[in-house]
Amino acid sequence: MAESTMRYAVVTGSNKVIGFETVRQLASTGITVVLTARDEKRGLEAVEKLKESGLSGQVVFHQLDVADPASIDSLAQFIKTQFGKLDILVNNAGIFGAIVDVDGFKAAIASGAVREAGQIDFKKLLTETYELAEECLQINYYGAKRTTEALIPLLQLSDSPRIVNVSSSMGKLENIPSDRVKGLLSTDVENLSEESVDEVLTEFLNDLKESLLESKGWPSAMSGYILSKAAMNAYTRIRAKKYPGFLVNSVCPGYVKTDINFNTGVLPVEEGAASVVNLTSLHNDGPTGQFFFRSEVQSL
């Protein structure tokens, strides 16, 4: 393949589950993919698995901790040196931000009383702390934001730049009780800003520290995770507006069998990853600044 027609992708947090399968599906189409992981050993093992399945020329590994700016800079320099540009960025790295009563969680699913995680009373099954919520925001939102900013100069060299932010329906504004916060995050994109998103997250952490979540209208359970994904969805719209030549979208891949839900999901990993991969191959006149649930655009 001529060098000018080669396409290059980065998938963060891709040594397992949806990230790993996203790498596999992208590489299977001839795209050269950088598989990343915080743990170098696990990342290299994941690359070996893909090489064994016949993708030896399409996948390379680079260590990445999205919470570490130096690690992000190292990845950007690697891509610049090795490829000279980037066509696709998939921000997949994420954590749940809480300690889960695994047995109780599985029992709630198995009981048949609920069909989706959104129907579970998580407040009885989760232990959330300030430190866990802060870490969740740092990885799920700020880590994705830092990675995006570092790689935008390389994406600008592509003739079809795509950014796909792996989000969740839990980040929809209906899951935030406060009308004021909903208003701040749903503001018309002309007035929405990174500063306003940062202000919301700072206020949230301050209220969490003071045990004021319920009285101030924040989610009473899964609060860090919900806010991190709501912020990601807002950031998606902000970036889409700033870079009209890009297609920037966020996607909930559905309730997929993954580590984060202890494999209680109803969709296979292949289907979840396909929802992500589909957004990397949209035509240049395709949708941007949108939130997708699987393959359908949904309102926030």
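Has the range 59-67 got any residue that is β-branched (Val, Ile, Thr), within 30 Å of Val33 (Cβ to Cβ), in a loop (DSSP other than H, G, I, E, B) and touching a Cys at 6+ places or on another chain (Cβ under 7 Å)?
no
Between residues in the range 144-170 that are within 25 Å of Val297 (Cα to Cα) and in contact (Cβ under 8 Å) with a residue 24 or more places away in the chain and residues that are hydroxyl-bearing (Ser, Thr, Tyr) and not in a loop (DSSP other than H, G, I, E, B), which pairs lie under 7 Å by C-beta distance while being six or more apart or on different chains?
Note: pairs meeting the criteria are Lys145/Tyr235; Arg162/Thr280; Ile163/Thr148; Val164/Thr280; Asn165/Thr236; Asn165/Ser250; Ser167/Ser250; Met170/Tyr225.
For the subset of the range 197-247 comprising residues that are among the charged types (D, E, K, R) and in a loop (DSSP other than H, G, I, E, B), which member is surrounded by the fewest Cβ atoms within 10 Å (Cβ to Cβ)?
So in the range 197-247, the residues among the charged types (D, E, K, R) come out as 198-199, 203, 207, 209-210, 214, 216, 229, 237, 239, 241-242.
Going one step further and asking which of them are in a loop (DSSP other than H, G, I, E, B), we end up with 210, 214, 216.
Values: Glu210: 11, Glu214: 13, Lys216: 16.
So, considering only residues that are among the charged types (D, E, K, R) and in a loop (DSSP other than H, G, I, E, B), the one surrounded by the fewest Cβ atoms within 10 Å (Cβ to Cβ) is Glu210.
What residue, among those in the range 33-56 that are in contact (Cβ under 8 Å) with a residue 24 or more places away in the chain and part of a loop (DSSP other than H, G, I, E, B), is surrounded by the fewest Cβ atoms within 10 Å (Cβ to Cβ)?
Asp39
Condition check: surrounded by fewer than 14 Cβ atoms within 10 Å (Cβ to Cβ), touching a helix residue (DSSP H, G or I) at 6+ places or on another chain (Cβ under 7 Å) and modelled with pLDDT of 95 or more. Does Asp65 satisfy that?
no
Identify all residues within the range 68-83 that are outside any helix (DSSP H, G or I) and either under 19 Å from the mean Cα position of the chain (by Cα) or at pLDDT below 95 (or both); write none if there are none.
Step one: of the range 68-83, the residues outside any helix (DSSP H, G or I) are 68, 83.
Hit for the range 68-83 is Asp68, nothing else.
Among what's in the range 12-23 and is assigned to a helix (DSSP H, G or I) and either touching an Asp or Glu at 6+ places or on another chain (Cβ under 9 Å) or acidic (Asp, Glu) (or both), pick the residue that is modelled with the lowest pLDDT. Step through it out loud before you land on a result.
Going through the range 12-23, the residues assigned to a helix (DSSP H, G or I) turn out to be 17-23.
After this cut, where a residue has to be either touching an Asp or Glu at 6+ places or on another chain (Cβ under 9 Å) or acidic (Asp, Glu) (or both) as well, the list is 17, 21.
Values: Val17: 94, Glu21: 97.
Per the stated criteria, the residue is Val17.
How about the range 38-58: which of its residues are within 14 Å of Gly13 (Cα to Cα) and either touching a Lys or Arg at 6+ places or on another chain (Cβ under 8 Å) or at pLDDT below 95 (or both)?
So in the range 38-58, the residues within 14 Å of Gly13 (Cα to Cα) come out as 38-47.
Within the range 38-58, Arg42, Ala46 meet the criteria.
In the range 70-83, how many residues are over 18 Å from Leu155 (Cα atoms) and loosely packed, with under 15 Cβ neighbours inside 10 Å? Break it down stepwise before answering.
As a first pass, look at the range 70-83 and keep what is over 18 Å from Leu155 (Cα atoms): 70-71.
Filter once more, so that each one left must be loosely packed, with under 15 Cβ neighbours inside 10 Å: 70.
Final tally of qualifying residues: 1.
Among the residues of the range 127-162, count how many are assigned to a helix (DSSP H, G or I) and more than 17 Å from the chain's Cα centre (by Cα). Can you show your working first?
Kept after step one, since they are assigned to a helix (DSSP H, G or I), are these residues of the range 127-162: 130-155.
With the extra rule that they be more than 17 Å from the chain's Cα centre (by Cα), the set shrinks to 130-132, 153-155.
Total satisfying the criteria: 6.
Tell me which residues, restricted to the range 172-196, are of a type in the set (D, E, K, R) and in a loop (DSSP other than H, G, I, E, B). Explain how you work it out, then say what you get.
Here is the first cut: in the range 172-196, the residues of a type in the set (D, E, K, R) are 172, 174, 179-180, 182, 188, 190, 194-195.
Those that are of a type in the set (D, E, K, R) and in a loop (DSSP other than H, G, I, E, B): Lys172, Asp188, Glu190.
The values are calculated or read from the model by the stated rules, or taken from the named source; none is laboratory data. Quantities reported herein were computed from a predicted structural model and do not represent experimental measurements. All Cβ positions, even for glycine, are placed from backbone atoms using ideal geometry, and neighbour counts span all protein chains on display.
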